[in-house]
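See below for the structure under consideration.
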């Protein structure tokens, strides 16, 4: 099924004011269609500067479900998956709600404001396309821009509704706890990202003066994160440079004084990254989130890998449920995965991957001594 907006796909959208909403939908559709129609087709070129990667086969084969969206597709990688089609109408509905929040400039009509944001998406196509690896079914610029608009508006409207305590009755996502949870998890998958500069452009154009994008992100994902004052400060600074939402959260877990783009300059810095996370008792409350953070580190050339190091530290320590209980007592591990055996399974499964482990990290006597001292402190 072609991706462009069609009236038939909007038929299930229930508006509080049907007449005004219908007028708005027609206006929006016509405005966007006219702009995108004028865009010439252009063959996409594979990018060497990608930041939104396909998960390597060796990781995917270990747990396919951990890297595949369950309910909603963001970006081009899974747009043609049949099991995600049901959410498309809701994505379009959310887009309409978000665009209805546009406040036209003085002497600017709502139609002109809609055309302006559509043009902004067209201007971002080349940069956004370069963020992805080659797709199986290439998009022309018009369809790619439309995808950015729909997916970006959907995410921001969802974050906005959660932040302002939007009424949940009748809301297809926030009003259904299971759907809400599935969508939240899907938005943290490496293959299911949209460039942060696309979100920032849409946010600044529509909500910029009244809200903060970092606040919206923390509000939506906060219960899955270890959020303290330092984490919030990092979020504000690094939103401007992060590649996407998953990358932003990864950056915020980096030890102080480092950034995701920094090279692994010394073995000492690698060891400290792992120890800092380990000693701070960082919590990862969801297996898919942890796996996708590790996948991001493995796919991104030149970035530091504290999450991977943390996972291997835990793999060394955690072999039985008794080990989990010792670490919980020491304040190193906050196990929100369920029973202790689930934490054992998670970290031991990481050991089966073909991830390149740092030899110094694995054999470091300093780390061994730190582990021993930590275990003694818990007794």
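The values are calculated or read from the model by the stated rules, or taken from the named source; none is laboratory data. Source: prediction; values computed, not measured. Positions of Cβ are backbone-derived with ideal geometry, glycine not excepted, and every protein chain shown enters the neighbour counts.
Is one or more of the residues making up the stretch 99-122 assigned to a loop (DSSP other than H, G, I, E, B) and buried (at least 18 other Cβ atoms within 10 Å of the Cβ)? Looking for residues that are assigned to a loop (DSSP other than H, G, I, E, B) and buried (at least 18 other Cβ atoms within 10 Å of the Cβ), one finds none in the stretch 99-122, hence no. Whenever a residue of the stretch 104-125 is under 16 Å from residue 143 (Cβ atoms), its partners that are modelled with pLDDT of 90 or more and in a helix (DSSP H, G or I), lying with C-beta atoms within less than 6 angstrom and at least six residues away or across chains, give the pairs 121/145; 121/148; 121/149; 122/145; 124/198; 125/141; 125/144; 125/145.
Is it fair to say residue 46 is over 30 Å from residue 347 (Cβ atoms), in a loop (DSSP other than H, G, I, E, B) and modelled with pLDDT under 90? Against the criterion (over 30 Å from residue 347 (Cβ atoms), in a loop (DSSP other than H, G, I, E, B) and modelled with pLDDT under 90), residue 46 qualifies.
The conditions of being modelled with pLDDT of 55 or more and either in a helix (DSSP H, G or I) or outside the structural domain of residue 56 (by TED's automatic domain parsing) (or both) are met by residue 231.
Just one of the listed residues (136, 151) is out of contact with any strand residue (DSSP E or B) (no Cβ under 9 Å at 6 or more places or on another chain) and at pLDDT 95 or above, namely 151.
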